[in-house]
Amino acid sequence: MEKIIEIKPLEDYKLWIKFSDNKVALINVLPFINDGISKDLLDKKYFDKVSIDEFGGATWENGFDFCPNFLREIATKQ
């Protein structure tokens with residue numbers, strides 16, 4: 001499993017991600033923001049508080065997260 005080692009929030013709900021194998025990807029997460037706790041991410045200031053959790057995934061303070069395997073799969077399809 002590849003883990004995220006660096007992450008940066010960008011405009012238009014995109015994340016710049018660097019994985020542990022040095023693969024870099026630009027991933028649009030807007031399609032995954034719906035109701036519930038993901039809706040908090042529509043606030044750009046909140047979205048910008050993304051961090052890396054202990055499992056190497058992307059996470060926010062409210063507990064919403066993306067598994068690194070899921071993000072890696074998206075990056076591979078790009």
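The values are calculated or read from the model by the stated rules, or taken from the named source; none is laboratory data. Computed from a predicted structure; not experimentally measured. Neighbour counts are summed over all protein chains in view; Cβ atoms, including those assigned to glycine, are modelled from backbone coordinates with ideal geometry. Surface areas here come from the heavy atoms of the whole protein model, side chains and all, with no ligands, DNA or RNA. Shrake-Rupley method; radii C 1.70, N 1.55, O 1.52, S 1.80 Å.
Residues whose amide H lies under 5 Å from that of residue 3, counting only those 5 or more places away or on a different chain, are 20, 21; hydrogens are built 1.01 Å from N in the peptide plane. The residues of the chain expose on average 60 square angstrom of accessible surface per residue, using a 1.4 Å probe on protein heavy atoms.
Whole-Hz Karplus values for the range 13-29 come out as 6, 10, 10, 8, 10, 10, 8, 5, 8, 6, 5, 10, 9, 10, 10, 8, 9 Hz, taken residue by residue from phi with 6.51 cos²θ - 1.76 cosθ + 1.60 and θ = phi - 60°; glycine and proline positions read x. Ignoring ligands, DNA and RNA, what percent of the accessible area of the chain is carbon or sulfur (1.4 Å)? With neighbouring chains kept in place, the figure for the chain is 51 percent.
Put a plus charge on the Cβ of each Lys and Arg, a minus charge on the Cβ of each Asp and Glu, and nothing anywhere else: the dipole of the chain about its Cα centre is then about 240 debye. Note on the chain: dipole from Cβ charges, positive end direction compared against 33, 15, 62; the farthest Cα belongs to 15. For the range 2-78, relative contact order (Cα pairs under 8 Å, six or more residues apart, normalised by length) works out to 29 percent. Close lysine pairs were tallied over the chain: pairs 8 or more places apart or on different chains with Cα atoms under 21 Å apart number 22. Could you tell me how many degrees, from 0 to 90 and to the nearest 10, lie between the Cα long axis of helix 68-77 and the main elongation axis, the longest principal axis, of the Cα atoms of the chain? Taking the Cα atoms of the chain, the angle to 68-77 is about 70 degrees. Taking a ≥ b ≥ c as the square roots of the Cα gyration tensor eigenvalues, the chain comes out prolate, since a/c reaches at least 1.5 and a/b is larger than b/c.
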